[in-house]
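> Quick one: structure below, then a few questions.
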Amino acid sequence: MANSALEVQALSKRIGNKLIVDGVSFQIQKGEIFGLLGPNGAGKTTIIRMIVSLINRTGGKVFIDGTDIDSNFSEAMNKLGAIVENPEFYKYMTGYQNLKHYARMSLSPISQERIDEIVKLVDLENAIHQKVKTYSLGMRQRLGVAQALLHNPSIIILDEPTNGLDPQGIREFRQHLRTLADQGIAVLISSHLLSEIELMCDRYVIIEKGKLIHSASIHEGNDVEQEQLREVIFTVNSSETAIKLLKNLSISNVVKKSEQSIMLMLPYEEIAKINAHLVKNEIAISEITVTRKTLEDRFIEITNQQEEMAVK
Amino acid sequence: MIKLIKNEWIKIFARKSSYVYLILLVVFLFIGAFAYDKLFHVIGGAMTEVAADGSSTATEEQPSVWNFLNTVVLGITSFVTLFSVIVVSQNISAEFGDGTIKQLLIRPYKRWKILLSKYFAVNLYSLLLLIGLVAFGFIIGSIFFGTGGFHKEIVTGGLFSDAVKTTTEGGQFIQTFIYYLPGLILINTISFMLSTLFKNQALAVGVGIFVLFISSTLSGIFTMLLDRYEWFKYLIFPNLDLTIYTYDDTVNGMTVGFSFTVMVVYYLLFMIITFYSFQKRDIVA
Ligand SMILES: Nc1ncnc2c1ncn2[C@@H]1O[C@H](COP(=O)(O)OP(=O)(O)OP(=O)(O)O)[C@@H](O)[C@H]1O
Ligand SMILES: [Mg+2]
């Protein structure tokens, strides 16, 4: 079986007597965009710093493309590219000189053409020979992606990569990531923005207070949502009658929104039944609106559940 | 490893200040040469007057390039040390300060290798300053005072003891140059250690200059302390400057061999502290 691009096992980090990261494990496959989602201070950056060996691990293992980072550090690191927190460069050198600098540190030689190709990919051709101190944050983000990609890594790790990008930039960035993933590169991004993770990732985990509390894939997400209640709005000819009819079915949590519309919480599969019941009793239904539960609701729901559990 | 050193070398010279220090040294050399030349004209003038009295024949106290190297150029080496301390401290602490250390350490090289490449590069720069100083000193000295004078006999010593010895201008210079090197490297190493430990450039430069200052200006106090406390001679300060041994073989009961050995011990200690702490540290810049 092919190796995962990245596998972390039971990562933990203790500082003082505080467990900042507590037994986090996950795997990322090649060609997959993986999200590390969590509120501020959850421990995302700490996890990333441990993966790239900037800080010591209190416990746990890291494998990059199957290579154990402890037993074969150089080989493992040569298959990884990253931006940790903000993209920092030597401001007194040009973007190009910065890239050359990192290119020299690759174990496999990097050609001139490769650098040019990457510069083109991140769309910095016009500014690459300017000193980095003249760059905007968005340009530095892109240069950061460029230095992470230079040496054809199996995985790139980007900590809050859309920081400082404008909406247009974020859109392009998303497309870039997708292109990279299609070429078989795995991508790990961290974010505290659900909408971002939802749009970019194939799969994500939620980190809360250093623990991995939820893991799901965006597309399989529907299964999870099946059992959950969601808001359904029926537009009917008479709210009063409809509410009475529903009471007969012992459904009482119905809200009258207006003379022509009612709202109730239903699991997905109940909607059709309710519809049939109303129609059978000669209610004219002109519209049924199901509000889709977004990741955001789930995120808040999940983190709140954790909170409640912690209180108990 | 060569690639790493090359990277560090390029980064050093990507900063304008690295050229400025070299240029400053040349400027100091010119100023020194002018001043030295003036000084000899004054003294020379006075001597001719004496000679005109007929009471004594004019002594040919003509300065030579070697004489210039021994006095002015060796005096300017303090600036080599100063500039080295600044560049060494800046080299490490700027990586922490700018956060570039993170991007530097996520490469396929062990941390100690990356640190060692920095260590080599800054010491190379330091040597470049020194060699630049001597080379330009020689050229400027030759222009002002003419070549030659290498074999001129001079008498040194009597500074710390009554013993005097005879040597040549050239011999004296070469010996001083060689005796200067260990101190330079050790002070660089101290600055390197401080900036790695504290990540703070101001602190590293400050302490570096303090060490420099203390070892070159407080020798009187050292003599006093050395008289009183035997253990004082095992400290680093009285041993940092080997060039004093070019005047006298024993200074305060210490010899060049003794001081050099003490330096080596401190050197090894500092290197171990620097590399060990860097290898272990959590990089949170
Ligand atoms: N060196 C340290 N000493 C003590 N606590 C630390 C240290 N580094 C991080 N922490 C704590 O660990 C927790 C996780 O920090 P981390 O930077 O990993 O969060 P994050 O998920 O990246 O947050 P953000 O979204 O704000 O970037 C925080 O509560 C932080 O205060
Ligand atoms: Mg963070």
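> Using a cut-off of 10 Å between beta-carbons, work out the net charge of the residues near A:Phe63 (Lys and Arg +1, Asp and Glu -1, A:Phe63 not included).
Computed value for this residue: -3.
> Just the accessible area for B:Phe136, please: 1.4 Å probe, Å², rounded to the nearest 10?
Surface accessible to solvent at B:Phe136 totals approximately 90 Å².
> Further, regarding this structure: Could you please state how large a percent of the accessible area of segment A:4-218 is carbon and sulfur, counting protein chains only and using a 1.4 Å probe?
Carbon and sulfur: 47 percent of the exposed surface of segment A:4-218.
> Counting only DSSP beta bridges with both residues in the protein assembly as shown, tell me the antiparallel percent, nearest 5.
Close to 70 percent.
> Could I ask something else about it? Considering only B:Ile174, B:Ile221, B:Ile209, give the residue with the highest GNM mean-square fluctuation for chain B, with springs between Cα atoms whenever their separation is below 10 Å.
It is B:Ile221.
> Provide Rg over Rh for segment A:4-218; use the alpha carbon set for both Rg and the Kirkwood Rh (inverse mean inverse pair distance).
Here Rg/Rh amounts to 0.95.
> While we're looking at this one, here's another question. Taking every alpha carbon pair in the protein assembly as shown, what does the distance histogram look like in 20 angstrom bins from 0, in percent?
All Cα pairs considered, the percentages come to 16, 34, 25, 15, 6, 3, 1, 0.
> Let me ask something additional. Cα axis of helix B:169-198 to longest principal axis of chain B: angle in degrees, 0 to 90, nearest 10?
Approximately 30 degrees, to the nearest 10.
> Where in chain B lies the longest segment free of GluC sites (Glu not before Pro) that are both loop residues by DSSP (not H, G, I, E, B) and have at most 15 other Cβ atoms within 10 Å?
In chain B, the maximal stretch lacking such sites is B:62-285.
> How far, in degrees from 0 to 90, does helix B:201-217 lean away from the longest principal axis of the Cα atoms of chain B, to the nearest 10?
The answer is roughly 30 degrees.
> Next question, about the same structure. Only Cα pairs under 8 Å and at least 6 apart count here; give the relative contact order of chain B as a rounded whole percent.
Relative contact order, chain B: 23 percent.
> Using a 1.4 Å probe on protein heavy atoms, which residues of segment B:66-109 have at least 30 Å² less accessible area in the complex than alone?
Buried by 30 Å² or more upon assembly, which counts only protein chains, are B:Asp98, B:Thr100, B:Lys102, B:Gln103, B:Leu104, B:Ile106, B:Arg107, B:Pro108, B:Tyr109.
> With Cβ to Cβ distances under 9 Å as the rule, what net charge do the other residues near A:Ala186 carry (K, R +1; D, E -1)?
Local charge sum for A:Ala186: -1.
> Please list B:Lys199, A:Lys273 from largest to smallest accessible area, probe radius 1.4 Å, with all protein chains kept in place.
Most to least solvent-accessible, the answer reads A:Lys273, B:Lys199.
> Order the following by accessible area, largest value first: A:Met139, A:Met50. Probe radius 1.4 Å; ligands, DNA and RNA are ignored.
A:Met139, A:Met50
> Also, quick follow-up: How many percent of Cα pairs in segment A:223-290 exceed 13 Å?
Within segment A:223-290, distances greater than 13 Å cover 60 percent of Cα pairs.
> To test your reading of the geometry: what angle, between 0 and 90 degrees and rounded to tens, separates the Cα axis of helix B:74-98 from the longest principal axis of chain B?
The angle comes out at about 10 degrees.
> Another question, then. Using only the Cα atoms, what convex hull volume per residue in Å³ does chain B have?
Per residue, the Cα convex hull of chain B comes to 148 Å³.
> Between A and B, buried accessible area summed over both sides at probe 1.4 Å, in Å² to the nearest 100?
Chains A and B together bury approximately 2800 Å².
> Using DSSP, restrict attention to beta bridges with both residues in segment A:4-218 and report what percent are antiparallel, rounded to the nearest 5.
Beta bridges within segment A:4-218, antiparallel portion: roughly 55 percent.
> Check each of the trypsin sites (Lys or Arg not before Pro) in segment A:97-142 and keep only those in coil by DSSP with at most 12 other C-beta atoms within 10 angstrom; list them in order.
Counting only loop positions with at most 12 other Cβ atoms within 10 Å, none of the trypsin sites (Lys or Arg not before Pro) in segment A:97-142 qualifies.
> Mind telling me which of A:Glu240, A:Glu32, A:Glu85 comes out most flexible in a GNM of chain A, alpha-carbon contacts under 10 Å?
A:Glu240
> Net charge within 15 Å of B:Pro238 by Cβ-Cβ distance, Lys/Arg positive one each and Asp/Glu negative one each, not counting B:Pro238 itself?
Taking every other residue near B:Pro238 into account, the sum is -2.
> A:Gln130's amide H: which non-local residues (gap 5+, or another chain) put their own amide H closer than 5 Å, with H modeled 1.01 Å from N in plane and none for Pro or chain starts?
A:Gly95, A:Tyr96
> Name the residues of segment A:84-105, by number, that are at least 30 Å² less accessible with every protein chain in place than in the isolated chain; the surface is that of heavy atoms, probe 1.4 Å, without ligands or nucleic acids.
Output list: A:Val84, A:Glu88, A:Tyr90, A:Tyr92, A:Met93, A:His101, A:Tyr102, A:Arg104, A:Met105.
> May I ask you to rank B:Ile236, A:Ile288, B:Ile131 by accessible area, largest first, using a 1.4 Å probe over the protein chains only?
Sorted descending by solvent-accessible area, the residues read B:Ile131, A:Ile288, B:Ile236.
> Oh, and also: So with the 1.4 Å probe, I'd like the accessible area per residue for the protein assembly as shown, rounded to whole Å².
47
The values are calculated or read from the model by the stated rules, or taken from the named source; none is laboratory data. Keep in mind that what you see is a predicted model, and the values were worked out from it rather than measured. Note that each Cβ is placed from the backbone with ideal geometry, even for glycine, and that neighbours are counted across all protein chains shown. In case anyone asks, the SASA skips ligands and DNA or RNA and just uses the protein heavy atoms, side chains included. Shrake-Rupley method; radii C 1.70, N 1.55, O 1.52, S 1.80 Å.
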